[in-house]
Amino acid sequence: MSEKRTGAQILCEALIHNGVDVMFGIPGGAIMPFYYAMWEYRDQLRHVLCRHEQGAGHAAEGYARSTGRVGVCIGTSGPGTTNLVTPIADAWMDSTPLLALTGQVSSAVLGKDAFQETDITGITMPVTKHNYLVKNVDEIAYVVKEALHIAATGRPGPVLVDITKDALQATTIPDYSKKIFLPGYRPTVQGSKKQIRSAMDLMLQSKKPLMMIGNGVIMANATAEVRQFAERYHLPVITTLHGLGGFPEDHELSLGMPGMHGWVHANRAIQEADFLLNIGGRFDDRVTGKASTFAPNASIVHVDIDPSEIGKNIPVDVPIVGDAKVVLMSLLEEEPEETAVAAFQQIADEWLVKIRELQAKHQHKQQYLNRPDTSMMLPHDVYAAMTKMINERGNYRVVTDVGQHQMWAAQLLDWYTPRTHITSGGAGTMGFAVPAAMGVAVAHPEDTVWAVCGDGGFQMTNQEMATVMQEGITNIKIAIINNGYLGMVRQWQELFENKRYSGTPLSGPNFQKLAEAYGWKGITVESVDQIEAAIAEAYATNGPVLIDFRVEREVNVFPMVPQNKSIGEMITE
Ligand SMILES: Cc1ncc(C[n+]2csc(CCOP(=O)(O)OP(=O)(O)O)c2C)c(N)n1
């Protein structure tokens, strides 16, 4: 490349060189040179104009989580960047590879409280894997390359690149070939052989072994290896909220979700286990309950690519730092004596029988999905129809918002394949689902993408329905589990605060009419007998559809572990 280019052109070309083909954003003063240049590259670099930068950030997250590629979002300086802080923090908590490109005021006025100046690198320092303030046009080509590399490698996460307006306008001859040089950043991928052997020894001595998988397994595309390893040793498998889809739920070894709204049998199994192999999960407090009481009898092996996660919440017997897929491959290479393996398999089988006996005595999915009394429409009835109908149609991805509906979706829908369940787990960001589903729909036009929302969270970012329309995105359907409350908070008020419903009753607009105002098809469902027809209509419509399921108002998510209690102490009704 021998011709001079503006910083903005270089930004476009660097993104294209490094494989970016879609970005979600909103323009404004400081970032205008980038938008000016973008026009030239519009055939290679699609820009989705969002209605709020938070929506742009979550859309980029949805794109990233469903593809494994870095999602890119854009905001202008000042409020444009601060609106991106929530999705950046969300991506930080959920290890989502995200690149936030922000415009900054010109370098000559930096620090002078210029119009729309905000110190966004300062603000996002604690919630980014790395961030840059670029003031020199010569740095742009390399910084973009490095930023994308950091976002995607090791433990993925958000990276912010803030570029001053004068750097975007200045010209230089770009060099896209510069090699990444980061001597201080070399994530450990290979697990220590010695530790892997110790983990195997511990496992083979155990009588009540469990494997638990989390987000790291999905991120590392390690689901085939998880299955191979579980089947080789007959290990029962627990899938955390972010691990859903990492192991097929209809597999005989699958125990489902643990934790605050996990299944009784999964939690009790953890409390009884004498060996727990956690791969790519970070022992979040929603999984462990009161940490000091978690898995009291188990030797724990923790595999994580981020060494700072190991021993952070739960003491660990064998730490293994490494990539989930690579470590599982090493575990699979271990060849214990076949007689020892056979004896271990038999012990594991007996343990699984015990867990299944326990499961039969407690609430479980099938019991919820086959309710005999359908005079009132419970959320469970909606999920029962959804799970049946989306399985029949196939090719689905579900993005959930935050609250009761999120936990019911995790419990009651079927998760067989990775990257089909996408939710805001770590930050619990209401308003995540609609824009994130839009990002998923852009990345996967062949799939039907369901956004499952509460009536509260839906109203935080529903303006992106206009973006969906403008962009001609047709493969998105929204299901609102409308209970007229900030339901999850109301549930806590009911159970622990004497039903003092302070700040939780919620009156929304007429969602069907709102959908119609955006040009979507809107459907209202008020009784169980209307559910299937509505979902069928959503599928039959070649375009975006919103269904307002007006469910019973005061229904609780069970089972439940009260905060700060042991996961052995579940409330089951
Ligand atoms: C941005 C944000 N604000 C507040 C909360 C706290 N919060 C967690 S769940 C919840 C209620 C959600 O209500 P709704 O969206 O109607 O879903 P439901 O629980 O009824 O399914 C609230 C307010 C949050 N998680 N995120």
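A compact table of results
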| item | result |
| --- | --- |
| Proximal aspartates and glutamates to Lys207, defined as alpha-carbon separation beneath 14 angstrom and excluding residues fewer than eight positions away on the same chain | Glu272, Asp274, Asp349, Glu350 |
| Under 26 Å from Lys145, Cα to Cα: lysines that are on another chain or at least 8 residues apart | Lys4, Lys129, Lys135, Lys165, Lys178, Lys179, Lys325 |
| Computed helical MRE - 222 nm, the chain, DSSP H runs ≥ 4 contributing -39500 (n - 2.57), nearest 500 | -11500 deg cm²/dmol |
| Sum of side-chain charges, Tyr518 neighbourhood, beta-carbon under 15 Å (Lys, Arg +1; Asp, Glu -1) | 0 |
| Rounded accessible area of Cys73 (nearest 10 Å², 1.4 Å probe) | 0 Å² |
| Pairwise label distance in nanometres, Gln116 with Met376, each label 7 Å out on the Cα-Cβ vector | 5.1 nm |
| Positive-end residue of Thr240, Leu255, Ser292, charge dipole of segment 232-297 with Cβ unit charges | Ser292 |
| Only Lys, Arg (+1) and Asp, Glu (-1) charged, at Cβ; the chain dipole about Cα centre in debye | 620 debye |
| Burial ranking of peptide ranges 384-393, 320-329 (average Cβ count within 10 Å, highest at the top) | 320-329, 384-393 |
| Leading residue at positive end of dipole, segment 1-149 (Cβ point charges), from Asn18, Leu110, Pro87 | Asn18 |
| Peptide ranges 81-87, 289-295 listed from the most packed, as the mean C-beta count within 10 angstrom indicates | 81-87, 289-295 |
| Per residue accessible area of segment 310-417, 1.4 Å probe, in Å² | 45 Å² |
| Sparsely packed chymotrypsin sites (Phe, Trp or Tyr not before Pro) within segment 65-154, loop by DSSP, other Cβ within 10 Å at most 14 | Phe115 |
| Loop-located trypsin sites (Lys or Arg not before Pro) in segment 191-229, at most 16 other Cβ atoms within 10 Å (DSSP) | Lys207 |
| FRET efficiency, 1/(1 + (r/R0)^6) with R0 35 Å, evaluated for Tyr416 and Thr339 via beta carbons | 0.55 |
| Rounded to the nearest 20 debye, dipole of segment 105-170 from Cβ charges on Lys, Arg, Asp, Glu | 240 debye |
| Cα-centred dipole magnitude for segment 441-563, charges only on beta-carbon of K, R (+1) and D, E (-1), debye, nearest 20 | 380 debye |
| In Å², nearest 10: area of Glu252 left accessible to a 1.4 Å probe | 140 Å² |
| Using alpha carbons only: equivalent-ellipsoid semi-axes of segment 226-302, gyration tensor based, whole Å | 19, 14, 11 |
| Percent of beta bridges antiparallel (DSSP, the chain, rounded to nearest 5) | 5 percent |
| Local electrostatic count at Ile480 - Lys and Arg +1, Asp and Glu -1, tallied over other residues with Cβ under 10 Å | -2 |
| Positive-end residue, the chain charge dipole about Cα centroid, Cβ charges, pick of Pro209, Ala37, Leu413 | Ala37 |
| Neighbourhood net charge (12 Å Cβ-Cβ; Lys/Arg +1, Asp/Glu -1) for Thr76 | -2 |
| Within the accessible area of segment 260-392 (1.4 Å probe), percent carbon and sulfur | 52 percent |
| Proximal lysines relative to Lys365, as straight alpha-carbon distance under 16 Å, when same-chain residues fewer than 8 apart are discounted | Lys388 |
| Globularity ratio of the chain, using Cα Rg and 2.2 N^0.38 Å | 0.99 |
| Neighbour cut-off at most 11 other Cβ (10 Å), DSSP loop, trypsin sites (Lys or Arg not before Pro), segment 400-500 | Lys499, Arg500 |
| Segment 503-573 versus segment 275-313: alpha-carbon centroid distance in Å | 33 Å |
| Relative contact order %, segment 1-59, counting alpha carbon pairs below 8 Å whose residues are six or more apart | 41 percent |
| Relative contact order of segment 203-338, defined on C-alpha pairs under 8 angstrom at six or more residues apart (%) | 25 percent |
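The values are calculated or read from the model by the stated rules, or taken from the named source; none is laboratory data. Because the structure is predicted, anything quoted here is derived from the model rather than measured. A quick note on method: Cβ atoms are made from the backbone with ideal geometry, for glycine too, and the neighbour counts reach across all protein chains shown. SASA here: full protein model, heavy atoms, side chains in, ligands and nucleic acids out. Shrake-Rupley method; radii C 1.70, N 1.55, O 1.52, S 1.80 Å.
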